[in-house]
Amino acid sequence: RLARGDATGGPAEGDQEPLERRRLILDAAARLFSAEGYDRTSIRDIARNVGLLPGSVYHYFPSKRELFLAVHREGFERTLERVKAAATSSDDPWECLERACEVHIEGIVGGSSIDRLAGSNLAISRNDELLQEIRPHRADYEAVFRTLIDALPLRAGTDRSLLRLFLLGGMNWIYLWYREGRRSPHDIAAAMVAMLRHGVQP
């Protein structure tokens with residue numbers, strides 16, 4: 001219906017159609033960027049996926065690069081909002097860290113296509129130019145984990161910066177080995193933070 005430009009009914013519904021169409025394009029772009037990669041995905045592919053003409057996509061996003069960045073901005077903002085909420089959800093700094101880690105992992109392996117794409121690119125990005133564009137979002141995001149690590153009661157002399165990178169690196173690697181149904185993001189976050197907190201030596 002959106003591809004044909006059919007009327008949706010009353011004026012109120014018609015006012016919503018551009019938002020619906022933009023949402024369809026963002027979701028399709030996120031799915032294809034995740035599955036095929038940025039370089040192997042074209043505007044034509046995205047348009048075909050939602051039954052639109054390429055010109056309809058260009059009406060909302062002037063280039064593939066702008067569409068990719070729009071997906072990332074939305075994904076980062078949504079994930080950052082959830083992580084910030086988790087980071088202040090308890091008086092126990094370890095519990096806050098565990099909840100934030102759960103949100104981080106959920107963004108990588110679950111959620112919407114937009115969430116997964118932003119989450120996976122918190123882990124890795126193979127396009128240096130695009131990486132520079134999303135770097136400020138990554139910096140804002142990692143600052144939350146810096147604050148969480150700084151709040152932990154740790155042994156004197158612990159390198160908190162290295163600890164933060166160690167934890168983020170471990171979580172980011174999940175996108176390579178995660179299999180749905182074996183462990184939930186909650187289970188993984190709880191286990192990782194417990195090992196970090198208590199160690200593994202008997």
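The values are calculated or read from the model by the stated rules, or taken from the named source; none is laboratory data. No experiment lies behind these values; they were computed from the predicted model shown. With ideal geometry, Cβ positions are generated from the backbone for all residues, glycine too; neighbour counts draw on all protein chains shown. Side chains included, ligands, DNA and RNA excluded: accessible areas come from the protein's heavy atoms. Shrake-Rupley method; radii C 1.70, N 1.55, O 1.52, S 1.80 Å.
Here are a few things to note about the model shown:
- Per residue, in Å², the accessible surface of the stretch 101-185 once ligands and nucleic acids are set aside, probe 1.4 Å: 56
- The structure-derived value of log10 I(q)/I(0) by the Debye sum over Cα atoms at q = 0.09, 0.18 Å⁻¹ appears in the list (i) -0.51, -1.14; (ii) -0.42, -1.19; (iii) -0.32, -1.26 under the label (ii).
- Sulfur and carbon atoms: percent of accessible area, the chain [1.4 Å]: 51
- Computed about its Cα centre, the charge dipole of the chain is approximately 500 debye, with only Lys, Arg, Asp and Glu carrying charge at their Cβ.
- Among S34, S89, S113: highest mean-square fluctuation, GNM of the chain, C-alpha pairs under 10 Å: S89
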